[in-house]
Amino acid sequence: MNATSSSKQSIRQLIRERRRNLSADQHRQYAKQLANYLPSYILQKNIHRIGVFLAQDGELNLQPSIQNLWKHQRFTFLPVLKPLPPNRLWFAPYSATSHLIPNRFNILEPNVLPNHMIAPSQLDCVLFPLVAFDLNGGRLGMGGGFYDRTFAHLRKASQRPVFYGVALNEQQVDTLPIESWDIPLDGVATPNGFIDFAGN
Ligand SMILES: Nc1nc2c(c(=O)[nH]1)N(C=O)[C@@H](CNc1ccc(C(=O)N[C@@H](CCC(=O)O)C(=O)O)cc1)CN2
Ligand SMILES: Nc1ncnc2c1ncn2[C@@H]1O[C@H](COP(=O)(O)OP(=O)(O)OP(=O)(O)O)[C@@H](O)[C@H]1O
């Protein structure tokens, strides 16, 4: 392991423990605070197809926000892990009637045929799960590189989804070690409000 990946590893451990130690009540409160502004923020922006995630391991719960987006006829999609490398994500429609099954990390994902899934480029906005973020748009994930690999080809595209992290304020750190493949975020949605890095 090089110095950067071992430092990423120790930040992961620290922050994952920090977010898991918050009470269920605190998590509920944070999820509500997010739902009070994130859906309307997205509705203002001509965003129709949104990549979301189902919280695990103390991640900020997006469910109340997702319910609000459904009320406003927005379409949400969940990441689906393909069984084989190169470990890229596909996105499958997620609605109140979706049939979900656990993937290899025990995270629920829609059980749909490949032809019902969409490519990452078809999303208008992707809400990225993350373990830690900094105020330069740096993001640290669970370490699988799934999101980085999936969106790598779109990073410099003229037409691409906007990339918003979703995280508790407790997940903010000073400066993350960044490697060439790390995809910078355009903003981060926290319970205390939206932090915009793109300046728009
Ligand atoms: N909610 C959510 N969904 C997501 C992600 C995520 O970070 N959050 N992912 C973002 O990429 C993908 C899944 N990536 C993951 C990578 C590692 C682990 C994880 O728990 N690793 C364990 C060891 C698990 C094992 O090998 O059995 C660990 O590190 O303790 C989970 C998800 C797709 N879906
Ligand atoms: N674009 C890419 N092409 C090939 N390999 C990649 C790419 N992006 C990341 N990886 C590989 O994935 C591994 C994990 O990367 P990293 O630690 O940055 O993951 P992460 O950002 O925490 O995970 P995730 O993106 O799933 O949230 C690295 O070892 C790296 O080699």
Residue identified as over 13 Å from the mean Cα position of the chain (by Cα), more than 14 Å from ligand 2 (Cβ to nearest atom) and either surrounded by 20 or more Cβ atoms within 10 Å (Cβ to Cβ) or small (Gly, Ala, Ser) (or both) among 158, 180: 158
Residue list for region 31-57, restricted to those being of a type in the set (Phe, Trp, Tyr) and more than 15 Å from ligand 1 (Cβ to nearest atom): 37, 41
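Among the residues of region 87-109, what is the count of those that are farther than 19 Å from residue 121 by Cα and either aromatic (Phe, Trp, Tyr) or touching a Lys or Arg at 6+ places or on another chain (Cβ under 8 Å) (or both)?
1
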Inter-residue pairs, beta-carbon under 9 Å, first touching a residue at least 24 places away in the same chain (Cβ under 8 Å) and among the charged types (D, E, K, R) and in region 1-25, second assigned to a helix (DSSP H, G or I) and within 16 Å of ligand 1 (Cβ to nearest atom), 6+ apart: 18/171; 19/27; 19/171
Residue that is nearest to residue 58 (Cα to Cα) [pool: residues in region 131-155 that are crowded, with 21+ Cβ neighbours inside 10 Å and touching a Lys or Arg at 6+ places or on another chain (Cβ under 9 Å)]: 131
Selection count where residues are more than 15 Å from ligand 1 (Cβ to nearest atom) and aliphatic (A, V, I, L, M), scope region 90-117: 3
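Read-outs throughout are calculated quantities, based only on the coordinates presented, and are distinct from any laboratory measurement. Keep in mind the model is a prediction, meaning the values are calculated, not measured. When we count neighbours, we look across all protein chains shown, and the Cβ atoms used for this are built from the backbone with ideal geometry, even at glycine.
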